Amino acid sequence: MTLDTIEKFRCWSGESVGQTVFPDIGALASDSDAVFLAAHTPVDLEHIKGPEVDPGKSGEVQVLDALLQRVGDHERNTLVAVTGGSGSGKSHVVRWVHAHINGDDERFHVLYVPRAVQTLRSLLRRIVDGLPGVEGTELLARVDAAMGKASPGEIKDRVVSEMRIALNWTIQERDAEDDETDDEAAAREDRNALLGEPDHQGRRRDGLADLLEESAISQALLRPDGRIDRLVRSYFDETSRRDDDEEGFTAADLPIRERGIRRSLQGRPSLVELWDIVGRTPEDTLSLLDEALRLALPAAIGLRSRAGGDTLDGLFTASRRALREQGRELVLIFEDLAQFGLVDGELYDQFVTPPSSDLAPLRVVFAVTDGAYGKLERTVRTRVEHEFRVGGSALAEPQAFVGRYLNLVRVGRPRAQELWSQSGARDGSGWVENACDTKENGQECRFRGTCHAAFGAVEIAGLGAVGLYPYNANALRRAVAKVGTDATPRLVVDECVSTNLLEADVHIGAGDYPHARVQTQFDFTATKLREAVVGDVPAADADRVYRARVIWGNEEPLAPGIEEAFTLHKYPGPAPTSSAGTNPTAGSATMPDSGTTSPPGLSVALPLAASPLDSLLQWQNQGALPEGERDGLPEADVSTYRTTLYNLTLSRVHLDQDLVHIYSGRGKELLARLFNQTSFAIQDSSGRVAGGDAVRIEIRRSPENVRLLAAAYWFRDHGHFDPERAKWPWPTGQSPEQMMLELEGALDRWAALVRERFLAVSGGAGIARGALGLRALALAATGHDVDAIRSTSAVLNPPVASPGQPGSAWQVVHVSATKVLALPVEEYLGEFAAVRQGQTGEPQLIDALEFDGALAEFLSDPTTALSKLATSSADPALTSAAREFENALGASAGPERAELEAASARLTALLEGCLPQEVGATAYQVGSAANAAGLFRPHLKWREFESSTNALIDAPGSEFSVTVEPGPAGVLSAQHRGRVVRRLANALTFVVDAMEQTVQECRRSAVGAGGVAELRDVVKAQVVEIHQLVQSLERKE
Amino acid sequence: MATNMPRWLSEASTAVTDATNAVQAQNEISDLTEARAELARQLCEFRRLAQADALGRGTWWLGQTAEPDVFRELKKASSFPQARVLNSLQRRLDSFARTVNTRMVLSWGEYSARRTGNVTELQMLAGTLSGIEGVALLAANLLEILGQLGRIQTQAPTRESLTLLDRAEKGLADLEAALQPNAVREFLSAVARGGAPLNLLTDEVRTWLTANRAELCFKIAAGAPEKS
């Protein structure tokens, strides 16, 4: 920096920022009123409860007046609550009240408890020390004794022990109330049951206290990060807030799902029953544990002692008595009531204790979050006389809000405190100076004019024009916007003042501001293509200039002083384009034609819709961010761009020139696999990206691709490149002709890429040839005569034949071939090799000669053809079928060859030169004779014998042997005759076997058939004798 | 059958032809064997009947002539002992034998009753008298003979049957002879032969019955007594 140039000028320092800017007031020392007030922005307060004090006053003054209004009234206390959300500024209000209250006023004593970072003991000491007329040493000593040397674990044990005492002795059963509902009565009875039954000494038995003696249960209560653990740790940690733990016990603090609890309680059935109730409805138990904890905690940390002694409540009372004697009152100013946590009961007791003849009145103002206020004990809340809610926001005027801090860091802490002490002002304004006017030893800053002209200034009451440097209005708006829509003053001070000023100090000094990180600290929303903003800037300097022009220039050239201050080269700014007139600022456009020429004068000018390119413009800028901070395009936009590019590219693929049909069926499926929306990989954007053999088109974050995407979106919405007929604003700075040509070129390139990939994968008509060839092989494998299926038409319509069943070795090939035959080969031909004509667009013609050649290839060398088809990725179904068939053929050809050759040899041997028809007929005659004589064997196989002899009788042809040529092709070709031979061989084998068995039976039956004549003579002799005897019996009178 | 056949088929054809013939022979043997056994049984039966016929012919039996069909089939079977003829003949012979036996048993029963009276009643009387001193031994002897005779009364008689009948007749006569006084003998003899008329039941008879504790062993039944 030189004395005569604003380059690298800073009117603040990192040190001054550190000394003056405190986003959390809890970190601001209580004696830092000057720093606090110098940057304080008056707060808009809504007086929700209580009578209006002074209609002419507003803001913090109202609170002060409400607090002190009743001073001198010894009949009543005054409670003033300042409520609001976290970070809304309520503590600032209380701090302001404290800063503006006269601590020397004899009428009262002020006890101020800032929301400073401190331990519980420090907090107590501050209270005790701030109470007049008491020592409190005994209480502090007790707290020291309780917590001084004890570990957190010891305190936790003590808490559980005190909880047991509370449950056993202190907590009383609740009596029924007249107006309680059934549910309330049930809840009360459950609670009383959980406490257990008192014994003769009044100690409860078989209640929750006894359950807590069970190790597993007490250990669960003491678990790390459990309710008790968090609470105890908070008393050891230095913190300005103890309001983060308002939830109470949860079910996780009880080992409800842990096994073994019931077993460990085995000897005490009442406790087992109680534990079952706890498991079923843990809510009542948790509520009772909360109640016990509230009683146990003060005792555990020494605030209360069963042996008596000081209590916080006692000290307050004693102090109020002392003050009453002096005729004074006690003013309590608490910046955050929540920091008292579970010891707030002692305070609340005082709040609700009214003044008396020996008790001084209380004047209390405290800040409390809305949530905590809602949970305040009802007795306390009803005694709050005034409630002020922090309304609106200090951020309603962000320039003024930040401007005060900018001025403070320029003034610096020492000077601010000096001014504060000099002024003695208590009315809150006019004491602090404007650094722009006094920076140079009371004279205005030498760059005031340049700086204010370049960066602007904000008029602040009591200060005048405060320069916004290093912000300007745009930059400050973007900085605040970056904090978010739920920004609080605390967050804005933290981000926009503290962080940004510290970094700006360093980088402006180094001459590299705005550095890359700035993009993450400001709202970096763009409305133009980047090159429309920095088209005039060399690439080496473009990033920094672009950041400056977006943030400080709103995508326009920067004011000269800004470039100088940030050490930026002065560039002329981007050249105007022919479409400048369509800039959204034009505000209207002519609707595009609806397909016909509109009559002159009938075109209607309508307001333009918002540009849909915003997200694209932000995406273009995310390249400068760290990877983790890049959001990419929104999911919906990614989908839109991908779909648009996909549709535009698809319309140029023109695969019908290669006889491939891609609008339905497999062609469509294959194309969808190879090319779809996911083929467009838009950098850093979500969504699946095409992999495998699919076409993948990388859309990286480059100016060319941003133009392409913008052009595609435009064309999608308009169908033309005429900015005059825009529905939404034409991208500023871009030439329609250039964008159209670039898009056309890209689409053509991508379409060629898709076409090339499709044909490479499918082979075009190769799919159809493969399907037809595979079908021919399958027909051969199922026993069709190869010579009959050498033409396309024969393969598509094979002759009806019943070639017989396959042998065991060929079964797997037969099954595989059957699956192949189920493939719709006509569809393959129609989709990949047919000319489509006529109105229906159905396939009409194919080149049969080409396919006949393909058949010859498959039938002559099936191994090679199948291998090629099985490794193709064109059609999964076809490939899968081919692979299965190839595997089956490879595994079965050898065994099948052996089977066929064996069958042929067996048939030849058994026929012994005869014809099967003759052998069958004769065998049937012989078998019939044997069967009639009961000699046929096997006895139950006559039907099968008949069937076998019929098979021989009906044998077709005159050649009954088969020769299997080499290789799988030979086995395939031999299937047709081989199946006949095998069938005849099997039939003849059965016949021969039956004949052999029958011969055996004949020989066995013929044994022992001699001696008939002798036997016949014996019978005759018997008949003759009987004849004589019968005659001898004749009656004779 | 075709002349040019595989060897295995020619062999089978021959074996089947041979075996078919053998089976037929076997079947005839089987039939004749069965007939021989059956005819042997029937031959025994007719021999027994012929013996009984010889014992009774002219005395208590006149003979039984068979139906003409029996003779026709006997003649046919003696020429052509085929299974069908033999089966029919055997059925007719069985029927004729049952007829002869029935009629012969009936005639024999009538004959024996004429000689000794009703065997059953006589057994009751002998049983009664076997407890009376003096005739007890004779009565017991008669009772035993009557038992043996009763057991063969349902069959055509044999020579043994005639012997037993003779012994029963003599035993009864011995018993009657041993009975004293005469009135008692006369009374009991009438009882043994179909019942005594009331006039034979004299005081003397009653006294004897009372003295021999036999008064409860007799009854009075309606009907005319058989004439001796």
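The values are calculated or read from the model by the stated rules, or taken from the named source; none is laboratory data. It should be emphasised that the depicted structure is a prediction, and the values quoted were computed from it without experimental measurement. Cβ placement follows ideal geometry from the backbone for every residue including glycine, while neighbour counts extend to all protein chains displayed.
Looking only at segment B:58-72, residues that are within 9 Å of chain A (Cβ to nearest Cβ) and either part of a helix (DSSP H, G or I) or in contact with a helix residue (DSSP H, G or I) (Cβ under 6 Å, 6 or more places away or on another chain) (or both) come to 4 in all.
With respect to the conditions (1) at the interface with chain A (Cβ under 7 Å from one of its Cβ atoms); (2) touching a residue at least 40 places away in the same chain (Cβ under 8 Å), B:Met5 falls short on a single one, namely (2).
From the list A:Arg673, A:Arg652, the lone residue that is assigned to a loop (DSSP other than H, G, I, E, B), basic (Lys, Arg) and in contact with an Asp or Glu (Cβ under 9 Å, 6 or more places away or on another chain) is A:Arg652. Using the structure shown, decide if A:Val480 is part of a helix (DSSP H, G or I), surrounded by 20 or more Cβ atoms within 10 Å (Cβ to Cβ) and either in contact (Cβ under 8 Å) with a residue 60 or more places away in the chain or not polar (S, T, N, Q) (or both). Against the criterion (part of a helix (DSSP H, G or I), surrounded by 20 or more Cβ atoms within 10 Å (Cβ to Cβ) and either in contact (Cβ under 8 Å) with a residue 60 or more places away in the chain or not polar (S, T, N, Q) (or both)), A:Val480 qualifies.
Among the residues of segment A:88-109, which ones are surrounded by fewer than 18 Cβ atoms within 10 Å (Cβ to Cβ), more than 17 Å from A:Phe388 (Cβ to Cβ) and not basic (Lys, Arg)?
A:Asn102, A:Gly103, A:Asp104, A:Asp105, A:Glu106
Residues in segment A:908-924 that are closer than 22 Å to B:Asp18 by Cβ and either more than 7 Å from chain B (Cβ to nearest Cβ) or surrounded by fewer than 16 Cβ atoms within 10 Å (Cβ to Cβ) (or both): 2 in all.
Taking segment A:631-649 as the range and being farther than 23 Å from A:Phe832 by Cα and either free of Cβ contacts under 8 Å to residues at least 60 places away in the same chain or assigned to a loop (DSSP other than H, G, I, E, B) (or both) as the test, the residues that pass are A:Asp631, A:Gly632, A:Leu633, A:Pro634, A:Glu635, A:Ala636, A:Asp637, A:Val638, A:Ser639, A:Arg642, A:Thr643. Scan segment A:439-462 and tell me whether some residue there is over 27 Å from A:Thr5 (Cα atoms) and aromatic (Phe, Trp, Tyr). No: segment A:439-462 contains no residue that is over 27 Å from A:Thr5 (Cα atoms) and aromatic (Phe, Trp, Tyr).
At the interface with chain B (Cβ under 8 Å from one of its Cβ atoms) and small (Gly, Ala, Ser), is that true of A:Gly957? Answer is no for this residue. Contact map, segment A:170-197: residues that are exposed (fewer than 14 other Cβ atoms within 10 Å of the Cβ) paired with residues that are modelled with pLDDT under 80 and part of a loop (DSSP other than H, G, I, E, B), Cβ distance under 9 Å, separation 6+ or inter-chain. Pairs shown: A:Glu184/A:Glu177; A:Ala185/A:Glu177. If you go through segment B:95-117 and keep only what is away from chain A (no Cβ under 11 Å), more than 14 Å from the chain's Cα centre (by Cα) and not in a loop (DSSP other than H, G, I, E, B), you end up with B:Ser95, B:Ala113, B:Arg114, B:Arg115, B:Thr116. Can you spot a residue in segment B:64-71 that is surrounded by fewer than 18 Cβ atoms within 10 Å (Cβ to Cβ), in contact (Cβ under 8 Å) with a residue 12 or more places away in the chain and of a type outside the set (Gly, Ala, Ser)? Within segment B:64-71, one or more residues are surrounded by fewer than 18 Cβ atoms within 10 Å (Cβ to Cβ), in contact (Cβ under 8 Å) with a residue 12 or more places away in the chain and of a type outside the set (Gly, Ala, Ser). Checking every residue in segment A:765-785 against the condition of being of a type outside the set (Phe, Trp, Tyr), under 30 Å from A:Val980 (Cβ atoms) and within 47 Å of the chain's Cα centre (by Cα) gives at least one match. Beta carbons closer than 6 Å, at least 6 apart along the sequence or on distinct chains, pair a first residue in segment A:1022-1037 that is at the interface with chain B (Cβ under 7 Å from one of its Cβ atoms) and over 15 Å from B:Pro68 (Cα atoms) with a second that is of a type in the set (S, T, N, Q) and surrounded by fewer than 22 Cβ atoms within 10 Å (Cβ to Cβ) for A:Val1023/B:Ser78; A:Val1024/B:Ser78. Is there a residue being within 23 Å of B:Glu34 (Cβ to Cβ) and facing chain B (nearest Cβ under 8 Å) anywhere in segment A:983-1006? Yes, there is a match, as at least one residue in segment A:983-1006 is within 23 Å of B:Glu34 (Cβ to Cβ) and facing chain B (nearest Cβ under 8 Å). Residue selection: A:Ala690 fails the criterion of being in contact (Cβ under 8 Å) with a residue 40 or more places away in the chain and within 30 Å of the chain's Cα centre (by Cα).
Name the single residue that is surrounded by the fewest Cβ atoms within 10 Å (Cβ to Cβ) among those in segment A:42-87 being among the charged types (D, E, K, R) and assigned to a helix (DSSP H, G or I).
Filtering segment A:42-87 for residues among the charged types (D, E, K, R) gives A:44, A:46, A:49, A:52, A:54, A:57, A:60, A:65, A:70, A:73, A:75-76.
From what is left, the residues that are assigned to a helix (DSSP H, G or I) are A:60, A:65.
Values: A:Glu60: 23, A:Asp65: 16.
Only one residue tops the list, namely A:Asp65.
Mind listing whichever residues of segment A:102-146 are at pLDDT 80 or above, farther than 25 Å from A:Arg233 by Cα and out of contact with any strand residue (DSSP E or B) (no Cβ under 6 Å at 6 or more places or on another chain)? Residues satisfying the conditions are A:Asn102, A:Asp104, A:Asp105, A:Glu106, A:Arg107, A:Leu131. A:His939 meets the conditions (1) more than 11 Å from every other protein chain (Cβ to nearest Cβ); (2) in contact (Cβ under 8 Å) with a residue 12 or more places away in the chain in every case but one. The failed one is (2). The single condition among (1) within 17 Å of A:Gln1022 (Cβ to Cβ); (2) within 7 Å of chain A (Cβ to nearest Cβ); (3) of a type in the set (D, E, K, R); (4) without any contact (Cβ under 8 Å) to a residue 24 or more places away in the chain that B:Asp18 does not satisfy is (1).
Screening A:Ser892 with (1) in contact (Cβ under 8 Å) with a residue 60 or more places away in the chain; (2) in a helix (DSSP H, G or I); (3) closer than 30 Å to A:Tyr663 by Cα; (4) hydroxyl-bearing (Ser, Thr, Tyr) gives one miss only, at (3). Scanning segment B:28-41 for any residue that is out of contact with any Cys (no Cβ under 7 Å at 6 or more places or on another chain), at the interface with chain A (Cβ under 7 Å from one of its Cβ atoms) and more than 30 Å from A:Leu1033 (Cβ to Cβ) turns up at least one such residue.
Before we move on, is B:Thr102 loosely packed, with under 14 Cβ neighbours inside 10 Å and either of a type in the set (Lys, Arg) or farther than 30 Å from B:Val191 by Cβ (or both)? Yes.
Okay, residues lined up against (1) outside any helix (DSSP H, G or I); (2) of a type in the set (D, E, K, R); (3) buried (at least 16 other Cβ atoms within 10 Å of the Cβ):
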position: B:Ile132; (1), (2), (3): yes, no, yes
position: B:Leu138; (1), (2), (3): no, no, yes
position: B:Leu143; (1), (2), (3): no, no, yes
position: B:Leu146; (1), (2), (3): no, no, yes
position: B:Ala156; (1), (2), (3): yes, no, yes
position: B:Glu160; (1), (2), (3): no, yes, no
position: B:Leu165; (1), (2), (3): no, no, yes
position: B:Ala168; (1), (2), (3): no, no, yes
position: B:Asp174; (1), (2), (3): no, yes, no
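The residue that is modelled with the lowest pLDDT, among those in segment A:525-542 that are more than 20 Å from A:Asp512 (Cβ to Cβ), part of a loop (DSSP other than H, G, I, E, B) and more than 34 Å from the chain's Cα centre (by Cα), is A:Gly535.
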